[in-house]
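Below is one structure, written out as structure tokens; the observations come after it.
Quick note: the coordinates plus some simple rules give every number you see, no bench work behind them. Please read these numbers as outputs of a predicted model, since none were measured by experiment. With ideal geometry, Cβ positions are generated from the backbone for all residues, glycine too; neighbour counts draw on all protein chains shown.
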Amino acid sequence: NPKTGQIYAMATSDPYDPNEPAAISDEKTAAELAGLDEDSNDYKQKQLDAWSLQWKNKAVSEIYNPGSVFKVITGASALEEKTITLNDIFGCGTQIQVEDTTFHCWSFTDHGSQDFAQAMLNSCNPVFIQIGMKLGSEKFCQYYNAFGFNELTGIDLPAESNSISMPLSNMGPVQLASSSFGQTNKVTPIQMITAYSAAINGGYLVTPQVVNSITDENGNIVKKMDTVVRRQVISEDTSATMREILEGVVEGQPGSNCYIKGYRIGGKSGTSQKMDEDSTGQTYVSSYCAFAPADDPEIVMLVMVDHPTGEKFYGSQVAAPICVNVLSDVLPYVGIFPEYDESELADLQVSVPSVQYYTVEEAKKTLEDLGLEVKVKGEGDTVVKQTPVAAKIEHGGSVVLYTEANAKEETVTVPELKGLTKEQARATLDMYGLNLTAEGSGYEEEGAVAQSDQSVGAGQSVPMGTAVSVTFAVTSVGSQ
Ligand SMILES: [Zn+2]
């Protein structure tokens with residue numbers, strides 16, 4: 001909770017089994033240990049290392065380069081100091097020279113002229129370097145400290161790590177430049193989300209806490225933990241501006257961000273290179289920090305993916321979808337429900353209920369009320385079987401109902417969908433008598449096409465009405 005600092009959930013994977021904490025969860029290490037003499041020093045050291053690795057709470061004990069998520073802090077500081085305004089225009093040029101160092105934008109195509117909001121949406125590195133320069137190293141460090149990056153957050157958990165931060169005395173223009181987009185300083189995830197919360201909660205740096213209250217065996221509250229506000233870092237006004245800007249990041253690029261239908265969400269992605277582990281710059285830490293509702297945040301969530309190994313590695317691609325999945329479940333759970341606008345409503349997918357044992361008439365009414373088409377096979381009065389069931393399909397999709405006990409399902413051959421837009425895929429499947437389940441937050445976005453992962457491969461024979469699930473994504477562009 002960005003206002004109170006109460007932590008609702010915290011997880012590190014791969015997890016160990018808490019019932020057997022000493023069992024080595026990493027298979028490779030476990031196999032290595034099995035080959036060693038248990039009394040040898042080598043064994044003991046390896047076991048100790050493995051334990052500290054698997055027991056480590058990365059959220060509080062690991063430090064990382066936050067990358068572009070940190071642009072929220074640089075931006076909020078510069079707005080608060082009025083060294084920039086929302087109307088200032090900055091250039092990208094895909095790179096910027098700072099003394100003897102050339103810094104590149106993550107994008108190979110020039111972002112062109114941008115104001116602050118557009119630069120945040122584009123996550124444009126050259127703009128944030130310019131914003132850092134305008135702020136200056138002294139003010140940069142002042143806000144860096146004010147946002148709590150040079151102290152422990154004070155969370156009620158053990159083994160909180162200190163950051164590794166560039167001191168003002170060593171901060172030349174090059175260090176300032178790389179710090180401005182989150183690449184120099186290493187902080188813990190808990191420091192990052194605490195500072196980020198201050199940027200969006202009205203400006204208050206709040207101590208994160210796991211324990212809300214302590215009760216005795218009869219359920220009486222023995223101790224209630226109060227919210228601890230350490231200080232105000234930026235003004236309510238600047239914080240309100242940051243909420244709008246970050247909501248714009250999600251709204252402006254629904255495909256590659258934390259867009260969830262019916263909700264106002266703000267967020268920022270980050271992708272940093274682990275240069276100390278891999279000097280070629282090919283090893284990444286990808287993250288996303290989202291909050292909702294954007295106008296009055298009740299939840300803030302940071303996902304950090306350490307060393308994504310797939311084809312995709314940007315925070316917007318690997319961490320944002322995790323935020324989407326979790327927040328889609330959590331927001332209704334905490335009583336925040338979606339409010340759809342008309343275009344969202346038309347686009348909603350429908351979950352097909354089971355109408356088995358309904359009369360044909362009842363079944364038709366139930367399904368048609370949900371905006372689905374119904375195809376009845378057979379002459380019976382009662383539904384004995386249906387396809388699909390419990391699948392999420394597009395509005396206007398069709399459900400095949402069988403009314404005779406030993407009716408044989410009609411089958412059709414699945415077409416290839418890769419490369420089609422959602423509309424094309426839906427129309428194609430419809431022609432074959434099949435349904436579409438669209439996956440991936442990218443399917444809203446212009447230019448998003450079906451990826452090669454359709455749930456039933458082309459050429460396979462399936463019952464008519466089957467829902468084929470397909471991920472849609474924009475492959476040519478992304479955002480860091
Ligand atoms: Zn750029």
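Data table
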{"item": "Debye, to nearest 20: dipole size of the chain, +1 on Lys, Arg Cβ, -1 on Asp, Glu Cβ", "result": "700 debye"}
{"item": "Fully extended contour minus Cα-Cα distance, from residue 408 to residue 164, at 0.36 nm per residue", "result": "81.1 nm"}
{"item": "Ordering of 61-67, 158-164, 359-365 by packing [mean C-beta count within 10 Å, highest first]", "result": "61-67, 359-365, 158-164"}
{"item": "Degrees separating the helix 189-200 axis from the principal Cα axis of the chain, which is the longest one", "result": "90 degrees"}
{"item": "Nearby lysines by direct alpha-carbon distance to residue 385 (threshold 20 angstrom, same-chain neighbours under 8 apart not counted)", "result": "364, 365, 375, 377, 408"}
{"item": "Inter-probe distance in nm under a simple model that places probes 7 Å from Cα toward Cβ, at residue 89 and residue 174", "result": "3.3 nm"}
{"item": "Nearest-ten-degree value, helix 236-252 long axis tilted from longest Cα axis of the chain", "result": "40 degrees"}
{"item": "Projected label distance in nm at residue 348 and residue 296, using a 7 Å step from Cα toward the beta-carbon", "result": "2.2 nm"}
{"item": "Added length on full extension, which subtracts the Cα-Cα distance from 0.36 nm per residue, residue 210 to residue 446", "result": "80.8 nm"}
{"item": "From phi via Karplus (6.51, -1.76, 1.60), per-residue ³J(HN,Hα) for the stretch 160-171 in Hz, x at Gly/Pro", "result": "6, 8, 7, 6, 10, 10, 6, x, 3, 4, 9, 8"}
{"item": "Relative packing of 369-380, 386-397, which averages over residues the other C-beta atoms within 10 Å, highest first", "result": "386-397, 369-380"}
{"item": "Computed Kirkwood radius, in angstrom, where 1/r is averaged over Cα pairs of the stretch 58-339", "result": "19.1 Å"}
{"item": "Relative contact order (percent, whole number), the chain, Cα cutoff 8 Å, 6+ residue spacing", "result": "12 percent"}
{"item": "For the stretch 330-480, Kirkwood radius (reciprocal of mean inverse C-alpha pair distance, Å)", "result": "16.5 Å"}
{"item": "Built amide H within the under 5 Å cut-off of residue 230, gap 5+", "result": "205, 206, 207"}
{"item": "Distant-in-sequence amide H partners of residue 439 (H built 1.01 Å from N, under 5 Å)", "result": "470, 471, 472"}
{"item": "Scattering curve values for the stretch 198-295, log₁₀ I(q)/I(0), Debye with Cα scatterers, q = 0.21, 0.24 Å⁻¹", "result": "-1.01, -1.10"}
{"item": "By average C-beta atoms within 10 angstrom, highest first, the peptides 23-30, 133-140", "result": "133-140, 23-30"}
{"item": "Greater than 19 Å apart at Cα, pairs in 71/134; 71/186; 71/268; 58/139; 82/139", "result": "58/139"}
{"item": "Gain in span if fully extended, residue 53 to residue 11, counting 0.36 nm per residue against the direct Cα distance", "result": "13.7 nm"}
{"item": "Long-range amide H partners of residue 475 with built H, under 5 Å", "result": "449"}
{"item": "Base-10 log of normalised Debye intensity for the stretch 144-243 (one unit scatterer per alpha-carbon) at q = 0.21 Å⁻¹", "result": "-1.11"}
{"item": "In degrees, nearest ten, helix 125-135 long axis to first principal axis of the chain (Cα)", "result": "40 degrees"}
{"item": "Percentage relative contact order, the stretch 58-339, counting C-alpha pairs under 8 Å, at least six apart", "result": "19 percent"}
{"item": "Isotropic mean projected area of the C-alpha convex hull, the chain (nm²)", "result": "29.9 nm²"}
{"item": "The chain - mean residue ellipticity at 222 nm from DSSP helices (-39,500 (n - 2.57) per run, n ≥ 4, rounded to 500)", "result": "-9000 deg cm²/dmol"}
{"item": "Phi-based couplings in Hz for the stretch 67-72 (Karplus 6.51, -1.76, 1.60; Gly and Pro marked x)", "result": "x, 5, 4, 5, 4, 4"}
{"item": "Equivalent ellipsoid dimensions for the stretch 255-327 as semi-axes, Å, which come from the Cα gyration tensor, largest first", "result": "26, 11, 8"}
{"item": "Residue 370 paired with residue 357, simple spin-label distance in nm, labels 7 Å along Cα-to-beta-carbon", "result": "1.8 nm"}
{"item": "10 Å binning of all Cα-Cα separations within the stretch 416-475, expressed as whole percents from 0 upward", "result": "26, 58, 15, 1"}
